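Asker: I have a structure here, written as C-alpha cells, and I will follow up with some questions on it.
The values are calculated or read from the model by the stated rules, or taken from the named source; none is laboratory data. Predicted, not measured: the structure shown is a model, and the values here were computed from it. Positions of Cβ are generated from backbone atoms using ideal geometry, with glycine treated the same way; all protein chains shown enter the neighbour counts. The protein model used for the area step is the full one, side chains on, heavy atoms only, and it has no ligands, DNA or RNA in it. Shrake-Rupley method; radii C 1.70, N 1.55, O 1.52, S 1.80 Å.
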Amino acid sequence: MTLTQAVSCPFCACLCQDLHVQLDEEAVSLTPPCEKALAGFAGLATLPRHPEIRGSQATYAQVIAAAAERLRRSRMPLVLLGDGLTAAAAQQAIHMARRLHACVDTPFSASEEALLHLWSEQGSQWLTLGEIHQSPDTLLFIGMHPATDYPRLWSRFIAGNAKIRGRLAAINSRLPYPKAQTPGTLHLEEQDELGLLTTLLAALKGKVPAPPEDIHNLAQLCLAAGSGLVLFDLARLAWPRPTLAAIQRLAEFLNKRAEAHWYTLPFTPGSGALTAMNALTTVSGFPASVRFTTNGPEYSPAEWSAETLLQSGEADLVVIVGGAPWLSPPWQEALRPYPALVLASQPPATSAEVYLPVSMAGIDSAGTLLRLDGIPISLSPLELFQSRPAAESVLQDILREVGP
Amino acid sequence: MIVLRHGKIYDPVNGIAGEEGDLWMEGTRICPAPAHPDSYTEIDARGWIVAPGAIEPHAHVAGAPLMWARRLLAEAFGPTVRLLPTPAEIGQAYLKLGFTTVFDAATSPLYAWQTHTDLEQMGPLDRGLFTLIGDQACVLEAVTRNDPALLGDTLSWLLEVSGGYALKLVNPGIGSAWRSGNALNALDAPLGKGDLTQRRLLLALAAAANGLHLPHPIHIHAGNLGIPNNWQNFCDTVQALEGLPAHFCHIQYYSYGADESGRPISAARQVADCIAQTPGLTFDVGQVFFGPALVVTADLQVVRWLQQTGKSKWMCQLFEGEGGVGILPLSYQTNDPINAIQWATGLELLLRFPDPSRLFLTVDYPNGGSFLAYPRIISWLMEREARQRMLAEIHPAAGQWSGLASLEREYRLDEIIAMSSSGPARALGLKDRGSLAPGMLADVRCYRLQANTEEMFAHPALVIKNGQVVVEEGEIVSEAPGRTLAVRPEWDVERQPFFDQVLARFVTIDPHQYSIGYTKIAERLGIIPCT
C-alpha cells in the first residue's frame, strides 16, 4: 500500500508545511526534496512501541506504576524538556514538576542563557522566516550553513531569492559550501567565528589599516547593505557568550554606521526547544533553569540548570520528556549515574529505568509546536500510523498514580 | 441565590450613587428581589460599596511579545517579576483589584494562538483580544484596491481567524513605512506603498469596521506617540475620522505641546477641548506611574526612537505579512522632568474632561507601569491634597508645565465607578455588564468604605464573577473558568482565494493555519453577536 500525504515536517525547527511524503513498504520519497526530512520519515518504520522497565518489555500499567513509585521516592527530580515536545506536552510536564516541587530545565538552557544575557545587555532585532523574502538584501551565516543544516530553509528562503542576489557570506561554516550555487559568495573559514568577527568589526571601525582581502570584501558587503540578517546556530558556536556578543556588536554597529536595518536570527536545535521554553515561561515566568518550591518558581541558572544539578549530584532522578538527539557524549556521561524516566518518541539515548514510547506530533499525533521564529504551527498525524499515547496523557496518568 | 444586604449601591447607568440597598443574584445573573426566596446565601454588606465589576479596556496582558519580554528581562527579574508576572498571576491580580473583564490591546493574527493560550490561564476573568490589522497584508491589499466590500470581508475574516473581539490600529501603516525606510510622522505622509497615506488607511478601516456593526468600534493607537508638540496631529487624527465611531487609546501620550527649546509640556487642555467636541468617540488615558515599566508596542517607530534617545536595550521583531513589535524596558522617574510632565498630563486630562463615561483610566499596562497602581491613581483623582503632595515630591517641571496644580476637581465615587465599569462596558459594547440592573451578569465588586481611598480600592472585601464569589478578603477562593469573548461577523467565503493568494506572497505557513481556526481554542470562544 502506498500513502501520499501532505505533511507538516517535525524533523527540524523550520516545521515546513509544504511537503508531500510518499510511503510504501519499500521506500520513502519526499516532494520537494529534503535530506533531513527524508531521513526522519525513513526511520518511522522502526519507531519503538513497547514500554520498558530496565530494558525489559512491560505493560503500560506496569510502567506507569513504576514511574510513579520512582517519583514518590525522589527527593529532587529534574525534569528535562527535550526535543519535539508539543505545547500541551510541555505544559503537562511543567505541571508535574510544579506538583512535585521539581526542577525544570531544557538541555539548551546554556545557550539560551547566553542569548538572554545578551538580550538583557544589548537587546536584539529579529524577524520571522518569511521576512527573509521581504526585508534583508544581505545574509551572513555564522557557524552554520542552512543548505546542509536546514536544507528547506535554504531552498525556500535563500536560493533564488531575487532580493539577496548572492549577497551572502558565511563565517567558518565548517561544512562544504555550495559555491556553485552562489558564485561570488564570501566564505571565510580560516579562523574561528569569534576571532573573525572581532577582526571584521575592527576593520569596519577602521582600526585595521590594511585588512586581509576577504575581511575587506566582507566589510564592504556589510556596509553596502540596506538591510541585513545574521543567522547563527546557538548550539554550534564554540564560545557562545562572547560570540553572541560579537554578533550583536556587529549588528548594532552596522545599524548605526550604515543607518540600515540589521537583524539577527538565532537557530535553536531540534523542533521543540522554543516550544518548551515558551511553555515554561507561561507557567513560571522564566524560560529555563527553574525550581518549583512551595513559595513558587525560582529562576537561577547557577543553581537549577540541568548541568549544575547533574554535576553537583543534587538531583536524584531525571525525567526526560521528549526526544534526545542532543544527547551528546558529555550529556550521556553526565546522566549515567542517574536513574532516568524517559518519555520519548525515539528509543532512549541513555539507559532508562523506565521508558515509555510516546507519540510524535506530525507523525502519530496532532500538536502545536513553535517554529524557530516563534510562529505556532499545528501538526496533524500521518494516516497509516497507529498512534502511541501522547506525552501529556502519559504524564497525567503518572501524576494520578503518584497521588496527592 | 446570593444577596448582598445593606450595601451602598453604585450603579451609574441607572443613576444610583450610594443608596443603601440589597443586591440579589441568581445563577450567573443579577435578579430582582424575590418575594419569597426559598434558600439563599446572605452576605452582610453593611458599610460596603457595591459596584459592577471593573472592566479593563486596554492593557497588554497576554501574547508572544510579553513572552519575549519575560525572556528579555529574565536576568533583571527583581522588579520585573512584579511588572510581568505569568498570565495566571496577571489574571489573579486583576481579580483581586475587582476587575472581572480584561482586554488584551493588541494581538498579531500570526501569533494569536499564543495570546489565546495565555488568556485561557486567567481563571475566572472574562477576557478578549484586539486584532492588529493596520499592517496586515490582505488589509493593505484590499485598501489599495479601493474595494470597501472586500475590505469589510477581510476584516471579518481576520477577526474570525484570530479569535478577536475588536479591530486594533497601531500607527497604521508603520510596518510599510518601516520596511521602506520612511518616517511616518504625518497623516498625509506616504507609507511607501503606492499613494497610500495614513489618513486614507485610517478612514477606510474605520468606515469598513463601522459597517460590520461590531460591539466595539475600531480601537486606535494614533501616530506621533510621545513626541513633543504632537497634540495637533492627534486632534487632526480625531477629525480625520469624519464622525465615524472609534476608541482612541492612551491619549496622554498625544497630549504634549513644546516649550521654546522643544521640550514637551502638557497640552491636556487643548486635547480635552478637542475630544469634548466628539460625542461619538471614547478614550482611555494611558496614565504613567513612577517606577518600572515596559514598552510593548507594534509602533516600531516609537520604540526605535526611545531606543536611540535613551540608548536602552530593546527587542524588535518584524512579522511576515504584518507589522512587528518592539519591546523596551524603562523606568518612570520622579526626578525626570519629562516623566513628571507625563504623569501630570495624564491626570490633567482626566480632571479636565467632564465625562467619565467617555474617558477611562488605564495605564496601558505595562507601558505606563503596572495596573496595580490603579488604587493610587484613583486616590489622586479623588483627593486634590494627595496629588498636591505628589506634585511637591516630583520634578518641578510637572507643576510648571502643566495645569494640574490649579485643578480643584475631585472625582466622586460614582464617577470612579462609571470610568471603570459602565463607561468601558458601553464603549466595548458589552451589554450584559457594567451595571447592577436585573438581568445583567452578576459581576460585582465590594469595597469597605473608608477615608483612605487607595487602601479601599486596593483591597476589595469581595469580588463576585458570574454569581460566584471569586475573591474574599484578598484571597482567590474560586477558579471557575471565565470566557474569552470574541466576535464573528459574517464574510463571503468566496474571498478565501484572495486571502490565500495574498498570504502566499508574504506568509510562509499554511494559509489554513492562519490563525487559530485549526485549534480547539476557536470552539471555546464566547461569541458576542454583531448587531
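Asker: Just to be sure I follow: if Rg is taken over the C-alpha atoms of segment B:96-135 and Rh is the Kirkwood radius over the same atoms, what is Rg/Rh?
Answerer: In segment B:96-135, Rg relative to Rh is 1.03.
Asker: Here's another thing I want to ask about it. Tell me, what are the semi-axes, in whole angstrom and largest first, of the equivalent ellipsoid of segment A:273-404 as set by the roots of 5 times the Cα gyration tensor eigenvalues?
Answerer: For segment A:273-404, the semi-axes come out at 25, 19, 16 Å.
Asker: Cα-Cα pairs above 46 Å in chain B: how many percent?
Answerer: Value for chain B (Cα pairs over 46 Å): 9 percent.
Asker: Work out how far the C-alpha atoms of segment B:104-189 reach from end to end along every principal axis, then list the three figures in whole Å, largest first.
Answerer: 45, 29, 18
Asker: Tabulate in residue order the Karplus-calculated ³J(HN,Hα) for segment A:345-362, using 6.51 cos²θ - 1.76 cosθ + 1.60 with θ = phi - 60°, rounded to whole Hz; enter x for Gly and Pro.
Answerer: Result, rounded to whole Hz: 7, 9, x, x, 8, 9, 5, 10, 5, 10, 10, 10, x, 10, 6, 10, 4, x.
Asker: Based solely on its DSSP helices, what 222 nm [θ] is calculated for chain B when runs of n ≥ 4 H residues each add -39,500 (n - 2.57) and the sum is averaged over all residues, nearest 500 deg cm²/dmol?
Answerer: Dividing the helical sum by the residues of chain B leaves -9500 deg cm²/dmol.
Asker: Please turn the phi angles of segment A:314-322 into ³J(HN,Hα) values with the Karplus equation 6.51 cos²θ - 1.76 cosθ + 1.60 (θ = phi - 60°), one per residue in order, whole Hz, x for glycine and proline.
Answerer: 6, 6, 10, 7, 10, 10, 9, 10, x
Asker: Here's another thing I want to ask about it. Per residue, how much accessible surface does segment B:394-516 expose to a 1.4 Å probe? Answer in Å², no decimals.
Answerer: 42 Å²
Asker: To continue, here is another question. Write down the radius of gyration of segment A:277-337 and its Dmax, each obtained from C-alpha positions, in Å.
Answerer: Reported Rg and Dmax, both Å: 12.5, 36.
Asker: Let me confirm the definition first: pairs of Lys residues in chain B, 8 or more apart or on different chains, C-alpha distance under 30 Å. How many are there?
Answerer: Close lysine pairs under the 30 Å cut-off: 16.
Asker: Would you please classify the overall shape of segment B:9-58 from the alpha carbon gyration tensor, given that a ≥ b ≥ c denote the square roots of the eigenvalues, rounded means a/c under 1.5, and beyond that prolate means a/b larger than b/c while oblate covers the rest?
Answerer: Because a/c hits 1.5 or more and a/b exceeds b/c, segment B:9-58 counts as prolate.
Asker: Next up: Probe of 1.4 angstrom, ligands and nucleic acids ignored: what's the accessible area per residue over segment A:239-320, in square angstrom?
Answerer: I get 33 Å² per residue for segment A:239-320.
Asker: Counting partner chain Cβ atoms within 10 Å of every residue's Cβ in A:117-126, what's the average?
Answerer: Per-residue shielding by partner chains comes out at 6.
Asker: Taking θ as phi - 60°, what are the ³J(HN,Hα) couplings along segment B:273-288 by the Karplus curve (6.51, -1.76, 1.60), each to the nearest whole Hz, with x for Gly and Pro?
Answerer: 4, 4, 6, 5, 8, 10, x, x, 10, 10, 8, 10, 8, x, 5, 9
Asker: Taking the Cβ-Cβ separation of residue A:4 and residue A:386 as r and a Förster radius of 22 Å, what is the calculated FRET efficiency to the nearest 0.05?
Answerer: My answer for the efficiency is 0.70.
Asker: Between segment A:326-366 and segment A:1-56, what is the C-alpha centre distance in whole Å?
Answerer: Segment A:326-366 and segment A:1-56 have Cα centres spaced 19 Å from each other.
Asker: Could you state the number of Å between the C-alpha centres of segment A:231-250 and segment A:86-126?
Answerer: Centre-to-centre (Cα) distance: 19 Å.
Asker: Rounded to two decimals, what ratio of Rg to Rh does segment B:392-531 give with C-alpha atoms and a Kirkwood Rh?
Answerer: For segment B:392-531, the value is 1.13.
Asker: By the scheme Lys and Arg +1, Asp and Glu -1, what is the net charge of all other residues having a beta-carbon under 11 Å from that of residue B:287?
Answerer: -2
Asker: D for segment A:11-129, whole µm²/s, Stokes-Einstein with Kirkwood Rh over alpha-carbon pairs at 37 °C and 0.692 mPa s: what number?
Answerer: 177 µm²/s
Asker: The protein assembly as shown: percent of C-alpha pairs farther apart than 46 Å?
Answerer: The proportion of pairs with Cα distances above 46 Å equals 29 percent.
Asker: Work out Dmax and Rg for segment A:60-156 from the C-alpha atoms and quote the Rg first, both in angstrom.
Answerer: Cα-based Rg and Dmax for segment A:60-156 come out at 19.7, 58 Å.
Asker: Under 1.5 on a/c is rounded, so check that first for segment B:140-282, then, if it is not, pick prolate when a/b is larger than b/c and oblate when it is not; a ≥ b ≥ c are the square roots of the alpha carbon gyration tensor eigenvalues.
Answerer: oblate
Asker: OK, next. So for the pair residue A:39, residue B:412, with labels modelled 7 Å out along Cα→Cβ, what separation do we get in nm?
Answerer: Between residue A:39 and residue B:412, the label points sit 7.5 nm apart.
Asker: How many percent of the alpha carbon pairs in segment B:1-130 exceed a separation of 17 Å?
Answerer: Result for the distance tail: 67 percent.
Asker: Another question about this same structure. Have a look at the DSSP beta bridges in the protein assembly as shown and tell me what percent are antiparallel, nearest 5.
Answerer: 45 percent
Asker: While we're on this one: Compute for chains A and B the buried accessible surface, both sides summed, probe 1.4 Å, and express it in Å² to the nearest 100.
Answerer: Buried area (both sides, nearest 100 Å²): 3800 Å².
Asker: Give the Rg (one decimal place) followed by the Dmax (whole number) of segment A:340-381, computed from C-alpha coordinates and expressed in Å.
Answerer: Final numbers for Rg and Dmax: 12.8, 36 Å.
Asker: Sequence-distant or interchain residues sharing an amide H contact under 5 Å with residue A:390, placed H: which?
Answerer: A:359
Asker: Right, another one. Using alpha carbon centroids, what distance separates segment B:330-349 and segment B:142-220, in Å?
Answerer: 31 Å
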